[in-house]
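The values are calculated or read from the model by the stated rules, or taken from the named source; none is laboratory data. What you are looking at is a predicted structure, and each value in this text was computed from that prediction instead of being measured. With ideal geometry, Cβ positions are generated from the backbone for all residues, glycine too; neighbour counts draw on all protein chains shown.
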């Protein structure tokens, strides 16, 4: 089945070839997906392996001088130690001696999985609710939309914090196929997928999709061809799927792309607060590094940069889709005079 | 429809939403695993003691009775007693509220002061360095998690340069102003400002970046409209063409978006407070969630929800006032 | 009134540099417009009429640019004022507008040249009152007259600081009370009932015809020498069209102002104009007095236009399309021959080289860019009907009609 028409595809490729930003966005996203997918192959160390003698090592090439107070023969002494990072830990290590580069790679998995599945959940819920509300109208519509209003009265992050914090972090362990097949060794044998977190980030974002789908359904319900289809005996389900859904696809795709970015930010915030249930996450690492800002700046900085680059990439893709699918929004191609 | 009628109708709708908010918040407790008693009672409490505690907290009643009691006491401004601190939840919450409002307002002011001129410059100097700088800033701004931005600011400004404090702020705006007015002492307000700068930037950056984007695309759209050409043709100064004509029409839709995005701002405030150990509602909620202090959780969520509903009504009224085409339907 | 024309446009070229290529919107236009006359420019959409008008005002915007040509405007005062600053822009009483720096050019808008746009609804700012917008025009002209130097900068001495102050102190407002009163007078002049009340209303509270009157009032605010009316009645109902045209006629006879009327409506031309120029593919293909051009058209395009109108006097005399498509204005697709040849029923072999503008014998001032102006149609050299029908041209023609000329250029050139 081809979702995208020939015209849409042409517009996408044209916009892409003209936009440097779209190319950068795609490159960043491809990089992130590659990192997440092949993390066990790329990572130099097991991201959860601790080594206290290797704690707080600076990134490769960075020299760090730290002064420690030690008791030598019962006497207080200030000992200056100078460490220079090596390529063994290209991005340094955290306070427990875990390799940051490996953690960044595996952290991409958490962000990407939560971003994708959370968005899918939001799209699924939102679009179904919105289509039903808009298509049937009346009381169903009123009830569902009032409920949406109530949901909107809570800021997404506040609601998410409350839900995740209160429901508790349920996680499932998904076996890593590469490890299971014996392709790599010394890597974690499973991936911790934060279930509660994923559902909650979906729940707090479904309303936007519901609104779009409802609007489309409302307007399309009145169209002649839908009335005709109905008079020919087409079932509601069939009309919704065949006529209403395809028409609302463009705004949903654009919104979903941007929502992946928003959800990754949300995930990192919740992980930062320690509500996610997984310890392999960029947000979690940033929280870990907070206590070492004075001595080991890299622990908080590097995972944060990873978040920023990933989200920039997805936002750029979103801009590209929006410009290509709906040229009216930016006014880029507006009248020349 | 007159403005009053509009406000009344919108207010009634708002009341309905607020009632829904309260109900959802109330039900939240029954949807989450574990009983509040687990958190309140000592670990080795006897079943009798546990039952006693449950009775004291009113948890032995059927759910609808509890609901009615909760609604009834809310109407009297009573949000129950904090399980942990034993004091009225409403008192604790309203003591924390000013800090959050100060932070949110400061961030909004920062955002509006910087974003609108940036957005306008970006649109009027399209494809010039200023435009690239503004769009680059806004892209990074909307892509940066604010808790990380806050930590980086602490790292650079406080740890690195040693300029601004990171400790919990010792003074709120009201006492600082009282000090200024009654004792002619500026140290209070200075301290307040010094503690406010980093959190306000942290919270305001995302907002700034977003408004820059909205303003830029809105201005580009408006500047291409025939009425702009007509305004230029009649010899109007470019300042007025840009600000009086195009920006005015740009701001009308932006205001609606801003109203909706205030939720993001409030959410961001929660986590910004956490980073800066800010004595506001955000830290209160996070602490309360960790110990399941239900009266505080519920009360704070309701205050946030109600505040958000009220802000949105104000935004709607403002929108209707600015846009002559909307006759407050 | 002297015999010297008020405006002499020669070799005007305006190009748009779009992603699809260079679009020749105006291709070497020469026009002379006398003081106090109503000059009509007619043509189909995409023929370059509106861009010509915008070029005259110096308001062609990126990606467009006036690439060549001179616009000589006769105004002794202006010439004397400019002579010191920009000596090579002045020739006697004439000023070459194209040589003027932007800051000076800007001062002419509203005061010397003003414009009535096609669609009044979108040409007024929806969120300001009509009175306010007209008062702005009055104010801009008064400030320009009172202190010509102040208009030299982009902000015209009214920068962001002053604008922000106007929110605080009403004495800093750009528009003064006198200008508001003048705006009401102008509204009254163009026949708006209850002008005091109407001035306080927003554009959406006006009907289309009322709003177009208000736009005329706005254009008159600076008592300009030349009023450019770009399709002033196209967006209006037929009955309202007549009222607006009457208004323009009345004002023209009262003030003696020169009107450049741009339209695709031949009925409007017949009703209003003294002389007329017919544009096709960015060029003036025929010009002359109304009687000459309408009674004895020479160019087959003009003949086609007139032939396609059932009754010229009727206000509904809309132009019917002639067979074939409006030609592509993309530079690399423009052939070096008469642009009309492809659609011309009388195309001859000679037409494969571009004809110069030829005077029609015995009709002074009547000329056409067509060989038929001086010689009769020669059937012997006539091109066969399918001469241009090779697959390449056919495909190109469809491509053009489907996409229009790319957005921001051809498609919007005139509408």
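Taken residue by residue, the stretch A:131-143 has no member that is under 28 Å from residue A:174 (Cα atoms) and surrounded by 16 or more Cβ atoms within 10 Å (Cβ to Cβ). Of everything listed in (1) surrounded by 12 or more Cβ atoms within 10 Å (Cβ to Cβ); (2) at positive phi, the single unmet condition for residue A:61 is (1). Taking (1) within 10 Å of another protein chain (Cβ to nearest Cβ); (2) surrounded by 22 or more Cβ atoms within 10 Å (Cβ to Cβ); (3) within 14 Å of the chain's Cα centre (by Cα) in turn, residue B:264 satisfies each apart from (2).
Among helices (runs of 4 or more DSSP H) entirely within the stretch B:166-257, having at least 2 residues that are more than 14 Å from chain C (Cβ to nearest Cβ) and in contact with a helix residue (DSSP H, G or I) (Cβ under 8 Å, 6 or more places away or on another chain) singles out B:173-183, B:187-223. In this structure, residue B:293 does not qualify as more than 7 Å from chain A (Cβ to nearest Cβ), over 14 Å from the mean Cα position of the chain (by Cα), free of Cβ contacts under 8 Å to residues at least 60 places away in the same chain and on the phi < 0 side of the Ramachandran plot. Reported count of residues in the stretch C:264-278, each being at pLDDT below 90 and assigned to a strand (DSSP E or B), is 0. Before we move on, is residue B:305 under 24 Å from residue A:263 (Cα atoms), touching a residue at least 60 places away in the same chain (Cβ under 8 Å) and either out of contact with any helix residue (DSSP H, G or I) (no Cβ under 7 Å at 6 or more places or on another chain) or at the interface with chain A (Cβ under 9 Å from one of its Cβ atoms) (or both)? So residue B:305 passes the test.
If the requirement is being buried (at least 23 other Cβ atoms within 10 Å of the Cβ), out of contact with any helix residue (DSSP H, G or I) (no Cβ under 7 Å at 6 or more places or on another chain) and either part of a loop (DSSP other than H, G, I, E, B) or at pLDDT below 85 (or both), which of these qualifies: C:28, C:62, C:55, C:47? It is C:47.
Among the residues of the stretch C:99-117, those identified as assigned to a loop (DSSP other than H, G, I, E, B), more than 8 Å from chain B (Cβ to nearest Cβ) and buried (at least 17 other Cβ atoms within 10 Å of the Cβ) are C:100, C:112. Filter the stretch A:306-337 down to the residues that are under 18 Å from residue B:225 (Cα atoms) and either at pLDDT 90 or above or within 14 Å of chain C (Cβ to nearest Cβ) (or both) and list them by number. Of everything in the stretch A:306-337, those that are under 18 Å from residue B:225 (Cα atoms) and either at pLDDT 90 or above or within 14 Å of chain C (Cβ to nearest Cβ) (or both) turn out to be A:327, A:328, A:330, A:331, A:332, A:333, A:334, A:335, A:336, A:337. Selection of the stretch C:353-387 for residues being in a helix (DSSP H, G or I) and in contact (Cβ under 8 Å) with a residue 60 or more places away in the chain yields C:372, C:373.
Considering only the stretch A:1-32, state which residues are surrounded by 15 or more Cβ atoms within 10 Å (Cβ to Cβ) and under 27 Å from residue A:94 (Cα atoms). Result: A:28, A:29, A:32. Filtering the stretch C:119-150 to residues that are under 20 Å from the mean Cα position of the chain (by Cα) and more than 8 Å from chain B (Cβ to nearest Cβ) leaves C:120, C:121. Can you confirm whether the stretch B:234-249 contains a residue that is at pLDDT 90 or above and under 20 Å from residue B:314 (Cβ atoms)? No, because not a single residue in the stretch B:234-249 is at pLDDT 90 or above and under 20 Å from residue B:314 (Cβ atoms).
Taking the criterion of being touching a strand residue (DSSP E or B) at 6+ places or on another chain (Cβ under 7 Å) and surrounded by 18 or more Cβ atoms within 10 Å (Cβ to Cβ), the residues of the stretch C:9-19 that qualify are C:9, C:12, C:14, C:15, C:16. Elements of the type helices (runs of 4 or more DSSP H) sitting completely within the stretch A:1-102 and holding at least 1 residues that are at pLDDT below 85: these cover A:6-18. Could you check the stretch C:78-94 and list, in sequence order, the residues that are under 25 Å from the mean Cα position of the chain (by Cα) and without any contact (Cβ under 8 Å) to a residue 12 or more places away in the chain? Hits for the stretch C:78-94 are C:89, C:90. Taken as a whole, the condition of being touching a helix residue (DSSP H, G or I) at 6+ places or on another chain (Cβ under 8 Å), in contact (Cβ under 8 Å) with a residue 60 or more places away in the chain and loosely packed, with under 15 Cβ neighbours inside 10 Å applies to residue B:39.
With the structure loaded, tell me whether residue C:210 is free of Cβ contacts under 8 Å to residues at least 24 places away in the same chain and away from chain B (no Cβ under 11 Å) or whether it fails that test. So residue C:210 passes the test.
For every residue, the table says whether it meets (1) touching a helix residue (DSSP H, G or I) at 6+ places or on another chain (Cβ under 8 Å); (2) in the same structural domain as residue C:194 (by TED's automatic domain parsing); (3) closer than 30 Å to residue B:220 by Cβ.
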residue	(1), (2), (3)
C:67	no, no, yes
C:73	yes, no, no
C:82	yes, no, no
C:87	no, no, no
C:96	yes, no, no
C:104	yes, no, yes
C:107	yes, no, yes
C:129	yes, yes, yes
C:158	yes, yes, yes
